[in-house]
Structures are given as structure tokens and as C-alpha cells.
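Peer 1: This is the structure I have questions about; it appears just below.
The values are calculated or read from the model by the stated rules, or taken from the named source; none is laboratory data. Only a predicted model underlies this, so the values are computations on that prediction, with no experimental measurement involved. Quick reminder, even Gly has a Cβ in these numbers, built from the backbone with ideal geometry, and neighbours come from all protein chains shown. Keep in mind that these areas ignore ligands, DNA and RNA; they rest on the heavy atoms of the full protein, side chains included. Shrake-Rupley method; radii C 1.70, N 1.55, O 1.52, S 1.80 Å.
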Amino acid sequence: MVVGSGAREHALAWALAKSAEVIVTPGSDGMAAHGLTCVATHPSELEADLFVIGPEQPLVDGLADTLRDQGKIVVGPGRVGAQLEGSKAFMKDFLAAAKVPTADFGVFRDAAPAWAFLDTMRPPYVIKTDGLAAGKGVLVTDDLELARRDVVTKLSGEAFGDAGTTVIIEEALDGSECSLLVLCDGRDLVALVPAQDFKRVGEGDRGANTGGMGALAPLVLDDGEVATMMKEVLEPTLDELRRRDIDYRGVLYAGVMRTSRGAKLLEYNVRFGDPETQVLAPLYGDQLYEMLYGVGVGGLRDVVARPEGAAVTVVLAAAGYPHDPRRGDEIHGLGDDGQLAHGREGVVIFHAGSARDDDGTWRTNGGRVLAVTAVASSVAQARSRAYEAAALISFDGCVWRRDIASSALEVAR
Ligand code: AMP
Ligand code: GLY
């Protein structure tokens with residue numbers, strides 16, 4: 001049973017369906033068209049051998065605890081463990097206790113001390129909302145005036161409600177980012193291959209932060225870099241979780257900045273990444289069920305994961321994304337199954353903000369609409385397949401980046 005309705009859950013359900021019978025709640029028109037069983041029932045009223053919770057909000061709300069209390073096997077931390085993502089202030093205190101390298105920071109509930117702290121920092125200024133903000137709660141700017149105004153707006157609760165009445169101001173870290181998703185069964189860790197997410201809306205990593213405009217995996221790192229991240233970031237985190245008696249069974253998604261002074265943790269997410277999952281799930285395919293079952297039952301020690309190939313995903317977002325996405329634009333190029341009308345090798349379309357009319361017309365129905373994913377033997381080949389496929393789909397005002405994974409091409413040359 002997969003809980004959620006986005007492209008991440010579509011990718012999880014699609015991969016799990018290679019070796020298990022899958023139900024999704026609530027799922028989406030795109031998943032149903034793709035042959036996945038979607039039901040509107042609450043997961044606590046359903047029986048399944050394994051429950052995989054996709055989004056952060058139900059985890060923060062304690063859904064995993066509810067299901068475990070019913071004796072169910074679940075991938076996803078309980079309410080307390082989910083605070084690693086649910087509150088950046090909690091996360092930063094936790095990292096300090098665990099001695100995990102991260103940016104220096106201050107936590108503020110009032111503007112005056114926050115402004116005074118800003119005056120002690122050099123640009124760029126990094127200002128974060130404490131609570132969940134769908135990837136949109138972070139401002140990075142060189143403009144002190146803008147930084148001050150952002151503090152005030154965030155503290156007022158206007159932008160993110162209660163999630164935003166505390167702000168974190170951070171030292172800016174310079175380097176390249178990497179998403180390291182690590183499976184954790186409370187006792188052992190299994191790292192998935194590193195992935196890269198393209199967070200800014202504009203090409204060349206410019207413009208507003210979004211939920212993610214594309215992704216690639218594997219991201220090639222230096223020899224031994226993943227091992228160092230495991231040793232300096234993930235293992236101390238697991239130790240601290242255990243010290244706090246948190247039986248963490250789920251994904252620890254480390255957003256890591258690779259700086260000239262080593263890897264520093266930007267943030268933890270307590271779930272699969274979106275859009276990272278759209279490139280990771282295809283690499284594990286029919287192994288994913290066994291891996292996730294291992295997470296749920298505490299059996300990761302016996303799991304050997306063998307990722308195969310490379311994948312790139314290009315997100316097609318609605319007109320006006322990320323500020324004010326428009327709904328209802330007709331999507332051209334998809335067939336009745338929600339996949340490319342003219343299929344392409346190695347390509348799969350994961351649906352996020354799409355919906356299907358009774359007459360079969362596909363329409364935009366949210367910010368990120370489709371994740372066009374291609375798998376191949378190399379990132380370069382996956383990239384060209386993904387862009388060829390994306391060019392076959394169109395809707396008015398589509399927002400997308402033409403430079404997803406282009407950096408990987410330079411490395412390949
Ligand atoms: P977060 O939600 O904390 O991952 O932040 C979203 C994005 O903002 C990150 O992926 C980075 O691109 C950027 N960011 C966050 N914190 C910092 C920082 N301390 N220094 C530089 N960039 C940051
Ligand atoms: N890829 C960013 C996130 O899942 O939060």
C-alpha cells in the first residue's frame with residue numbers, strides 16, 4: 001500500500017508493482033490510467049503486507065504511529081522522528097547533539113534579534129521557515145533589505161501560517177548539492193546511489209526555489225565520498241536517534257552541500273525525495289519491494305541492493321509555477337494510459353498535478369504536472385531520451401528547464 005498522490009508515489013507504486021500487488025491511496029488519475037489500483041479509503045482501514053508513506057505531512061501528523069499501533073509494517077518514521085523534517089529548529093538542535101557538520105545558525109521568534117543576527121553575517125543571507133513549506137520556505141539572497149523583509153513576512157505567519165512563525169537564519173554554504181537517500185530500519189543503514197535535484201525554477205539554477213524541476217541518478221561523486229558522508233553524517237544521526245529511543249524505520253534523505261571543507265548537511269527529509277524518487281525507483285525496480293520490506297521489519301542487514309543503469313527526470317510544470325500555477329490547460333501528447341501517445345524506449349511518465357476529464361482529455365491540475373523520466377545505461381543517454389519524450393508533450397504556458405543533467409554531460413566528456 002502506497003500512501004500519496006504525486007509523481008513520487010507514482011514512481012514508488014510503479015516499481016513496487018514489479019514484484020508485488022500494489023494499492024495506492026488516494027492515488028491519481030494518472031496512476032489509475034497506468035493500471036495501478038487507487039482507492040479513497042484511509043490506510044488504517046486497509047490490510048496490506050507493507051505500508052509505504054510518501055509525503056511528509058502524514059508522517060509529521062503521526063500516521064506511521066497509528067498504523068504501527070494496528071500491527072502494520074510501515075516504511076516511514078513516527079511523529080517524533082518526523083520532526084527531523086517537521087521542524088528545522090528541532091533538526092538543527094539534533095544535528096548539534098549528534099555532532100553532524102552543518103551550517104552555523106540562529107533560531108528566532110522576533111524580528112529585532114533576527115535583524116541583529118543578520119547584521120553579524122555576510123551575504124548571501126539564508127532565511128528558512130521552521131515548519132513544512134513544500135520546498136518553498138527558503139530564501140537565499142545578497143540583499144540585506146530583502147532578507148530583513150523576508151524575516152518579517154515569515155514571522156508574521158502570512159506566508160506559511162504557523163509553520164512560519166519561527167525562522168532560522170543560517171550561514172551560507174558554498175558548493176554543489178547532492179541528495180543522499182538512505183534506508184534505515186532503526187539499526188542498519190543502506191544508502192541508495194546519490195542523486196541530484198534541480199531546485200530552482202530557472203535555467204542555470206536561477207530564480208525561485210521550487211519543489212524540484214528535475215533530477216538525475218546516479219550522481220558521480222569522488223571515490224570514498226559516500227562512505228565519508230555515511231561516517232560523518234548518517235551514522236552519527238542513527239546513533240543520536242537511538243540515544244533518543246527513536247526507532248526510525250524509513251528513509252533518511254540527507255540534503256548535503258559538498259563544500260571545500262567537506263560535506264555539510266543542509267537538511268534532513270524523512271521520506272523519499274520528489275523528484276529524486278522518479279530517478280531512483282527505476283534503478284532498483286523489482287528489488288524495491290524487498291528493500292522496503294527490510295526497512296519495515298528491521299531486516300535491512302540481509303538486503304543487498306544492486307542498482308542498474310541511470311535515469312533522468314524532467315518536470316513539466318503548469319503556467320505560473322511556482323507562485324501561481326494555473327489549472328485546466330489541456331495536455332497534448334498523452335494516451336489513454338497517461339503515457340506517451342507514441343511510446344519511447346525507456347520512458348515512463350509519472351503524474352503529479354494532472355487530471356483527466358470524463359471525455360479522456362488530460363489537463364493540468366497543480367504546480368508540477370508531469371515528471372518525464374527516462375532510463376538508459378548512462379545519464380547522458382537517459383537525458384536525451386527524457387528530452388525527446390518531453391518534446392512530445394505540450395500544454396499552454398508549460399514551465400520547464402532545458403538544462404536538467406547538462407552538468408553530467410560535461411563530466412562525461
Ligand atoms: P532546504 O529546504 O533547507 O534544503 O533549502 C532549500 C535549498 O536552499 C537548498 O537545496 C539549497 O539550494 C538552499 N540552501 C539552504 N540552506 C543553504 C545554506 N546554508 N547555504 C546555501 N544554500 C542553502
Ligand atoms: N527534492 C526535494 C524534496 O523532496 O524535498
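Listed here are the residues, each with its yes/no results for (1) open to solvent by 30 Å² or more (accessible area, probe 1.4 Å); (2) not in a strand (DSSP E or B).
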position: 370; (1), (2): no, no
position: 374; (1), (2): no, no
position: 380; (1), (2): yes, yes
position: 386; (1), (2): no, yes
position: 389; (1), (2): no, yes
position: 392; (1), (2): yes, yes
position: 396; (1), (2): yes, yes
position: 402; (1), (2): yes, yes
position: 408; (1), (2): no, yes
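Peer 1: Considering only segment 187-227, how many residues are more than 13 Å from ligand 1 (Cβ to nearest atom) and part of a loop (DSSP other than H, G, I, E, B)?
Peer 2: 14
Peer 1: Quick one: which residue in 47, 9 is touching a Gly at 6+ places or on another chain (Cβ under 8 Å) and either at pLDDT 95 or above or assigned to a loop (DSSP other than H, G, I, E, B) (or both)?
Peer 2: Within the list 47, 9, the selection yields 9.
Peer 1: For segment 6-41, how many residues are out of contact with any helix residue (DSSP H, G or I) (no Cβ under 8 Å at 6 or more places or on another chain) and either under 17 Å from residue 59 (Cβ atoms) or crowded, with 24+ Cβ neighbours inside 10 Å (or both)?
Peer 2: Qualifying residue count for the region: 2.
Peer 1: Between 291, 230, 257, which is open to solvent by less than 30 Å² (accessible area, probe 1.4 Å), more than 21 Å from residue 74 (Cα to Cα), assigned to a helix (DSSP H, G or I) and touching a residue at least 24 places away in the same chain (Cβ under 8 Å)?
Peer 2: That would be 230, the only listed residue that is open to solvent by less than 30 Å² (accessible area, probe 1.4 Å), more than 21 Å from residue 74 (Cα to Cα), assigned to a helix (DSSP H, G or I) and touching a residue at least 24 places away in the same chain (Cβ under 8 Å).
Peer 1: Of the conditions (1) within 16 Å of ligand 2 (Cβ to nearest atom); (2) open to solvent by less than 40 Å² (accessible area, probe 1.4 Å); (3) free of Cβ contacts under 8 Å to residues at least 12 places away in the same chain, residue 157 clears all except one; give me its number.
Peer 2: Of the numbered conditions (1) within 16 Å of ligand 2 (Cβ to nearest atom); (2) open to solvent by less than 40 Å² (accessible area, probe 1.4 Å); (3) free of Cβ contacts under 8 Å to residues at least 12 places away in the same chain, the odd one out for residue 157 is (1).
Peer 1: Which count do you get for residues in segment 82-118 that are crowded, with 20+ Cβ neighbours inside 10 Å, touching a Phe, Trp or Tyr at 6+ places or on another chain (Cβ under 9 Å) and either of a type in the set (Ser, Thr, Tyr) or outside any helix (DSSP H, G or I) (or both)?
Peer 2: Residues meeting the conditions: 2.
Peer 1: Let me ask something additional. Across segment 193-227, what is the total count of residues that are touching a Leu at 6+ places or on another chain (Cβ under 7 Å) and open to solvent by less than 10 Å² (accessible area, probe 1.4 Å)?
Peer 2: Qualifying residue count for the region: 2.
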